[in-house]
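The values are calculated or read from the model by the stated rules, or taken from the named source; none is laboratory data. Keep in mind that this is a model prediction, so the values were computed, not measured. For neighbour counting, all protein chains shown are included, and Cβ atoms are generated from backbone atoms with ideal geometry for every residue, glycine included. The accessibility values were calculated without ligands, DNA or RNA, using every heavy atom of the protein model including side chains. Shrake-Rupley method; radii C 1.70, N 1.55, O 1.52, S 1.80 Å.
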Amino acid sequence: MDAAEFRKRGKEMVDYVADYLEKIEKRQVFPDVEPGYLRPLIADCAPQDPESFEDVFKDIEKIIMPGVTHWHSPYFFAYFPAASSFPALLADMLCGGIGCVGFSWAASPACTELETVMLDWLGKMVNLPEEFLAGKDGQGGGVIQGSASEATLIALLAARTKTIRQVQSEKPELTEAEIMGRLVAYASDQAHSSVERAALIGAVKIKNVPSDDTFSVCGSALKKVLDEDKAAGLIPFFFCATLGTTSCCSFDKLLELGPICNKENIWMHIDAAYAGSAFICPEFRHLLNGVEFADSFNFNPHKWLLVNFDCSAMWVKKRSDLIGAFKLEPLYLQHHHQESGNHWQIPLGRRFRSLKLWFVLRMYGVKGLQEHIRKHIRLSRQFEHLVLQDERFEICAEVVLGLVCFRLKGSNELNEALLKSINDAKKIHLVPCHLREKFVLRFAICSRTVESTHVKFAWQHISQLATDLLKTWEQNHHQQ
């Protein structure tokens, strides 16, 4: 394919993607395929001779689309949103076109510098304390990671290195292995599984801190676990606080937890993967109060800020903690602007992801992004209101942002059957969670194009399926 054909095919592909997104609500949100559907549809091995673009293009609808779960459909209410917008898609094309591998300043000065500036823009939008910003000569700053899981792992590894060095200077008789064996990380029993994975990869113990009846961790719960572990000769070194848990969007109590972590010399990382985007709205910024006690903070613009995957924003107060943990300088990476390179991540290579932020922040403006967040939250309130009007149902956790946790009053089996009938019908898509012993349905406002009509449709559909289910359920139970 030469440049001339690329021009032609590129325009066709843009039209195809625009049509796909414009007409997405006509597509069934969840596919009708069985596992293994794809292999019989394509050849056993790669073709020896080149095929034409037309051959490849016509297979998109035939082979790929039947197996796609349409995350951007206004009938997709599962997981959390996956952000997308036309400016972000255009920026991604440019990123692919420039195709640099930005592992150091010299490898691509614009890639390195734009990222630093964009993370300052974003940090100011959520009103982060000054120490987290790079500015002209700050000690902190931000970096784009691939996901919140990576951000948590990076924070944990940096904390581990810092603690080992500190303990070694105080107790030189201890070997690194002995110190490692005593290190303990902590997170809420509601925290995402990626925190446990970070500890697994970092080869340290991790303990769950029990959450309270609002599914939040409070200071007293953390203090109790820390006191027990210190008495047993363990070394607490890392706590991951969650703002907006995956299961029910609960918030750990930062203002209680922060001072404890600071006093005990424990690295506090804040994972606000989904909820963080909402902090650009002044009325939700109070949910981040206490961030001043944290060492690192992360949220995903690729969830709720119209920047498509992957773009996970992470800030640290002291970038020297990260650089100190990961810096290895072979000759081919050395140059005169050492500190402005980003040795703040697991892979060496990095894509020019800040272009997406730059395009989206400029073309929506802070006000446009705030309106997007507020609209989603209004829609979740609307859904909550509909659920509360039906006495057969209950709300299972406080609705703070764009997630509603609800269920039929009754057994877990009944709610499992309801979810099955919802997802079998494939009109909308939901996923469940467990809150304590209860099987709960999650309704997350996801699509950029979702409107009040889609939420009403979803509720009528759920309500009708519940009516049908309860009839057959009662008949079966009478027969028994």
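Points worth noting:
- Candidates Asp19, Asp92 - the one that is closer than 19 Å to Asn308 by Cβ, out of contact with any Ser or Thr (no Cβ under 6 Å at 6 or more places or on another chain), charged (D, E, K, R) and surrounded by 15 or more Cβ atoms within 10 Å (Cβ to Cβ): Asp92
- Any hit, segment 96-105, residues being part of a loop (DSSP other than H, G, I, E, B), touching a Ser or Thr at 6+ places or on another chain (Cβ under 6 Å), open to solvent by 20 Å² or more (accessible area, probe 1.4 Å) and not small (Gly, Ala, Ser): yes
- Restricting attention to segment 229-245 and to residues that are surrounded by 21 or more Cβ atoms within 10 Å (Cβ to Cβ) and not aliphatic (A, V, I, L, M), the residue that is farthest from Glu178 (Cα to Cα) turns out to be Gly244.
- Applying the condition of being open to solvent by 50 Å² or more (accessible area, probe 1.4 Å) and in a loop (DSSP other than H, G, I, E, B) to segment 203-220 and asking which residue is farthest from Leu435 (Cα to Cα) yields Ala203.
- A search for C-beta distances below 6 Å between a residue of segment 174-185 that is free of Cβ contacts under 8 Å to residues at least 60 places away in the same chain and any residue that is in a loop (DSSP other than H, G, I, E, B), counting only pairs 6+ apart in sequence or on different chains, returns Arg182/Leu234; Leu183/Val204; Val184/Leu234; Ala185/Val204.
- Among (1) surrounded by 11 or more Cβ atoms within 10 Å (Cβ to Cβ); (2) touching a helix residue (DSSP H, G or I) at 6+ places or on another chain (Cβ under 9 Å); (3) part of a loop (DSSP other than H, G, I, E, B), the one test that Ile60 misses: (3)
- Condition met for Ser149 (in contact with a His (Cβ under 9 Å, 6 or more places away or on another chain), within 17 Å of Lys303 (Cβ to Cβ) and in contact (Cβ under 8 Å) with a residue 12 or more places away in the chain): yes
- Answer residue from segment 164-202, given it is more than 21 Å from His269 (Cα to Cα) and in a loop (DSSP other than H, G, I, E, B) and is most open to solvent (accessible area, probe 1.4 Å) among those: Glu173
- Number of positions in segment 23-71 that are without any contact (Cβ under 8 Å) to a residue 40 or more places away in the chain and polar (S, T, N, Q): 2
- Val143 being at pLDDT 95 or above and either among the β-branched types (Val, Ile, Thr) or touching a Leu at 6+ places or on another chain (Cβ under 6 Å) (or both): no
- In segment 331-341, the condition of being open to solvent by 10 Å² or more (accessible area, probe 1.4 Å), at pLDDT 95 or above and either polar (S, T, N, Q) or closer than 25 Å to Gln139 by Cα (or both) is met by no residue.
- Residue match in segment 148-155 (condition: surrounded by fewer than 19 Cβ atoms within 10 Å (Cβ to Cβ) and among the polar types (S, T, N, Q)): no
- Selection within segment 123-137: residues that are acidic (Asp, Glu) and closer than 16 Å to Asp295 by Cα. The member of this set that is least open to solvent (accessible area, probe 1.4 Å) is Glu131.
- Glu113, sole failed condition from (1) in a helix (DSSP H, G or I); (2) over 22 Å from the mean Cα position of the chain (by Cα); (3) without any contact (Cβ under 8 Å) to a residue 40 or more places away in the chain: (3)
- Residue that is farthest from the chain's Cα centre (by Cα) [pool: residues in segment 130-163 that are assigned to a helix (DSSP H, G or I) and among the charged types (D, E, K, R)]: Lys162
- Only listed residue being of a type in the set (S, T, N, Q), at negative phi and exposed (fewer than 10 other Cβ atoms within 10 Å of the Cβ), chosen from Gln48, Gln28: Gln48
- When Arg442, Arg407 are checked against the criterion of being closer than 16 Å to Pro81 by Cα and in contact with a strand residue (DSSP E or B) (Cβ under 6 Å, 6 or more places away or on another chain), a single residue qualifies: Arg442.
- Enumeration of residues in segment 69-113 that are closer than 30 Å to Ile422 by Cα, at pLDDT below 95 and hydrophobic (A, V, I, L, M, F, W, C): Phe80, Ala82, Ala83
- Residues of segment 284-313 satisfying the condition of being of a type in the set (A, V, I, L, M) and either open to solvent by 10 Å² or more (accessible area, probe 1.4 Å) or assigned to a strand (DSSP E or B) (or both): Leu287, Ala313
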